[in-house]
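One structure is given here, and the rest of the page talks about it.
Taken together, the values in this text are just the output of simple stated rules run on the coordinates, not laboratory data. Treat the numbers as computed from the prediction; the structure is a model and nothing was measured. Please note: Cβ atoms are built from the backbone with ideal geometry, for glycine as well, and neighbour counts cover all protein chains shown.
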Amino acid sequence: MTADRRNCTPGFATRAIHHGYDPMSAHGALTAPVYMTSTYAFESAEAGGAMFRGERAGYIYGRTRNPTQALLEDRLAVLEGGAAALALASGMGAISALLWALLEAGDEVVIDETLYGNTFALFTKGLTKFGVKVRLADFTDPAALAFGPNTRLVYFETPANPNLRVIDLAAVAAAARKVGATSVVDNTFASPALQRPIEHGIDVVVHSMTKFLGGHGDLLAGAIIGPKDIVEQVRGHGLRYLTGATIAPLTAFLVLRGLKTLELRMERHSASAMAIARFLEGHPRVRWVAYPWLDSFAGRAIARRQMSAGGGLVSFELDGGVAAGMRFMNALRLVTRAVSLGDAETLVQHPASMTHAQYTPEERADHGISDGLVRLSVGLETVADVLDDIEQALAATGSTN
Ligand code: PLP
């Protein structure tokens, strides 16, 4: 170790691989054990009672805690720079558990107008059923960030699904703080390897760990990272807010495995996505391309301020709109037609008929989700092979109308 490294905090990848686990605590096992148990033995009847009253630390029952889950939560907190984390059964499980814990009838929430379709539906159809007032705003417009005294929570994604619009984290955090509202951002598209919203003043980060954090398309999981009181409120201390969206121990282990290569994978996803975005931008059949690192991208300056690379998602529209997009997707041979993102495989989907079908056509038009938009999640294959496939599929889409 060089003298100037001696007092440094470990880097992102080092923490993603080592933080919170000492092999000597588990027979020298290099990989942390998976605790496949639903319940835990109490040393005595009195000890069990003391744990229930919160007077003694320890594990009680698998719905609230498990040691494999606890290690994952420790690692997530340190990677996002939060005080605490909670790992859950899916991204929607995390988002709904957070909102269930924080909101009451009569509260107002302000959401950005572009969100993942099910999140949008949870706010506009789900929460409104329980008397929560949901107001939509364009978070890229600074005037929309003038939240009111009744605003309890503000919620957005950056980059947003599916059009990748980028929102200024520090500006939203400051505007929310001014009125005492909790700021929440979905950091699924960037992952903490490329963007850490808490460092920009955001209160709470949520994730679909199904995507880049898991990284291999073989699990569903979600996470909440933020202040300890909020995280523990969601976990159900006092058993008031428990939704039961518990992560399985084996799933927690798979996410821990994914985290070990997160930084490496995000570098590759980003480099390949940039090459593909540039190729698409120069293609005569492509109307427009959205990718945070392109010089032509509207939110480029903000993206470069708060992200360290552009990430793995590219959105674009072909000349010929929806029909051309469908022909293009059907002509692909290597790229897989599937929703989700962040996997080793490159995936393509059509948000208007798939992940964002919960929006009405008018809402999509108002919210910048054009019907011809095609979303690519660039995987980890040899990028030349993906480019060849895209090129042949573009050639096969035929005429431009
Ligand atoms: N947030 C974003 C940005 C997403 O893209 C998704 C799913 O596609 C979710 C949340 C929901 O996550 P999950 O599918 O793990 O429930």
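Descriptive notes on the structure:
- Dipole orientation for the chain: of the candidates MET92, MET266, THR37, THR37 has the Cα lying most toward the positive pole (charges on Cβ; Lys, Arg +1; Asp, Glu -1).
- When peptides 104-116, 182-194 are ranked by their average number of other Cβ atoms within 10 Å per residue, the highest-first order is 182-194, 104-116.
- About the Cα centre, charge dipole magnitude for the chain (Lys/Arg +1, Asp/Glu -1 at Cβ), debye: 460 debye
- Of every Cα-Cα pair in region 114-169, the percent that sits beyond 16 Å: 46 percent
- Filter on LYS178/LYS211; LYS129/LYS178; LYS133/LYS260; LYS133/LYS228 - keep pairs with C-alpha separation over 30 Å: LYS178/LYS211; LYS133/LYS260
- DSSP-defined beta bridges in the chain - what % are antiparallel, rounded to 5: 55 percent
- Charge dipole of the chain about the Cα centre (unit charges at C-beta), most positive-ward option of VAL383, ALA13, PHE297: ALA13
- In nm, spacing of pseudo-spin labels at THR31 and ALA357 (7 Å Cα→C-beta vector): 3.7 nm
- Pairwise label distance in nanometres, HIS216 with ARG135, each label 7 Å out on the Cα-Cβ vector: 4.6 nm
- Cα-based radius of gyration of region 179-279 once divided by 2.2 N^0.38 Å, which approximates compact folds: 1.23
- Projecting the Cα positions of GLY310, ALA245, ALA176 onto the charge dipole of the chain (unit charges on Cβ atoms of Lys, Arg, Asp and Glu, taken about the Cα centre) puts ALA245 furthest along the positive direction.
- Peptides 348-355, 34-41 ordered by packing proxy, namely the average of other Cβ atoms within 10 Å per residue, highest first: 348-355, 34-41.
- Region 314-396: trypsin sites (Lys or Arg not before Pro) falling in loop per DSSP and having at most 16 other Cβ within 10 Å: ARG333
- In this rough spin-label picture, where each label sits 7 Å from Cα along the Cβ direction, the VAL339-LYS125 distance is 1.2 nm.
- Averaging 1/r across all pairs of distinct Cα atoms in region 73-177 and inverting the result yields a Kirkwood radius of 14.7 Å.
- Additional length obtainable on full extension of the chain from GLU267 to ALA143, 0.36 nm per residue less Cα span: 41.2 nm
- Residue-averaged 222 nm ellipticity for the chain, from DSSP H runs of 4+ at -39500 (n - 2.57), nearest 500: -10000 deg cm²/dmol
- Computed over the alpha-carbon pairs of the chain, the distance histogram in 10 Å steps reads 5, 22, 31, 24, 13, 4, 1, 0 percent, short to long.
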